[in-house]
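Right, one structure below, let's go through it.
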Amino acid sequence: GQQLNQSPQSMFIQEGEDVSMNCTSSSIFNTWLWYKQDPGEGPVLLIALYKAGELTSNGRLTAQFGITRKDSFLNISASIPSDVGIYFCAGREGAQKLVFGQGTRLTINP
Amino acid sequence: GAVVSQHPSRVICKSGTSVKIECRSLDFQATTMFWYRQFPKQSLMLMATSNEGSKATYEQGVEKDKFLINHASLTLSTLTVTSAHPEDSSFYICSATPGLAGGSYNEQFFGPGTRLTVL
C-alpha cells in the first residue's frame, strides 16, 4: 500500500521557536490531514486539507497541501509547552481509508 | 461535538483469554468505524474498517478470526481479541466518521485508545 515519509522524526526546540514538519508520498492523495497525539491518548484532528495548493490555518498552526498532491507541511509558530506531543500526517486514499506518517515527536525546552 | 469513547481504557489479561473493547460515538451516528493498532513509538496501523450492519473489511495480514469486529449499531462497534497472546499487547484505537458530505466534520474522530497487556 501507499506509504508516507514524515520528517523530522523528532524535534527538540526552545519555547517560542517556530516548528516545521512535512510529509511526502510517492503517490497522490486527495486529502491531507494533520493530527496531534498526546501520550496515552488518541489522535486529535488539527487541520484538514482538500485542495492542491490549499493553505489553511488553525490558530498558530498552518498547513499546506502541496501542488503535486504528494506532499504537505505543517508549521507551528511561537511554540508553547502544550504543543509537546507527536504529530502525524495522514493521507486519504479512496473514500475513507487513511494512511499515516511515522510521526514527528516534538519536545520543547522551557 | 464528534466525541468518541472507548472502554476499557486499560486491560490486563492472561494469555489465552479473550478481551472485548467497545467503541462508541457519543454525539453522532457513525456510518463507518475503524480499528487501529499502535505499537510503542510507532504509527497507527489500520486493522479493519466496519460499516454498520455489514461484515468488517480487514487489512492484509490481520486475522479476522482472531480480531472479531461487530458493528451492531450506528453508535457502537466492538473489537474482540480472541485467545490473546503477549504479542497482541498493544494500544488499540478506534475512530468513527459521521459520513456527512463535505468538510472536516466528515473526517475520522478518534477514541482515547485501549491499552491491552497480555501476560
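A compact table of results
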{"quantity": "Search result, residues across segment B:77-101 that are part of a strand (DSSP E or B), at pLDDT 95 or above and of a type outside the set (Gly, Ala, Ser)", "calculated": "B:Thr78, B:Leu79, B:Thr80, B:Val81, B:Phe91, B:Tyr92, B:Ile93, B:Cys94"}
{"quantity": "Contacts under 6 angstrom Cβ, first residue in segment B:105-119 being within 9 Å of chain A (Cβ to nearest Cβ) and free of Cβ contacts under 8 Å to residues at least 60 places away in the same chain, partner part of a strand (DSSP E or B) and surrounded by fewer than 21 Cβ atoms within 10 Å (Cβ to Cβ), 6 or more apart", "calculated": "B:Glu107/A:Leu45"}
{"quantity": "Of residues in segment B:30-54 being loosely packed, with under 14 Cβ neighbours inside 10 Å and within 13 Å of another protein chain (Cβ to nearest Cβ), the one farthest from the chain's Cα centre (by Cα)", "calculated": "B:Lys41"}
{"quantity": "Residue that is surrounded by the most Cβ atoms within 10 Å (Cβ to Cβ), among those in segment B:55-103 that are hydroxyl-bearing (Ser, Thr, Tyr) and more than 14 Å from chain A (Cβ to nearest Cβ)", "calculated": "B:Ser77"}
{"quantity": "Qualifying residue in segment A:62-81 (condition: in a strand (DSSP E or B), among the small types (Gly, Ala, Ser) and buried (at least 19 other Cβ atoms within 10 Å of the Cβ))", "calculated": "yes"}
{"quantity": "Residue list for segment B:7-24, restricted to those being touching a Pro at 6+ places or on another chain (Cβ under 8 Å) and more than 13 Å from B:Arg115 (Cα to Cα)", "calculated": "B:Ser15"}
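For every residue, the table says whether it meets (1) modelled with pLDDT of 95 or more; (2) away from chain B (no Cβ under 11 Å); (3) more than 13 Å from the chain's Cα centre (by Cα); (4) over 23 Å from B:Tyr92 (Cβ atoms).
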position	(1), (2), (3), (4)
A:Ile28	no, yes, yes, yes
A:Tyr50	no, no, yes, yes
A:Arg60	yes, yes, yes, yes
A:Asp71	yes, yes, no, yes
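The values are calculated or read from the model by the stated rules, or taken from the named source; none is laboratory data. Nothing here was measured: the structure is a model prediction, and the numbers come from that model. Ideal geometry is used to build each Cβ from the backbone, glycine not excepted, and the neighbour counts take in all protein chains shown.
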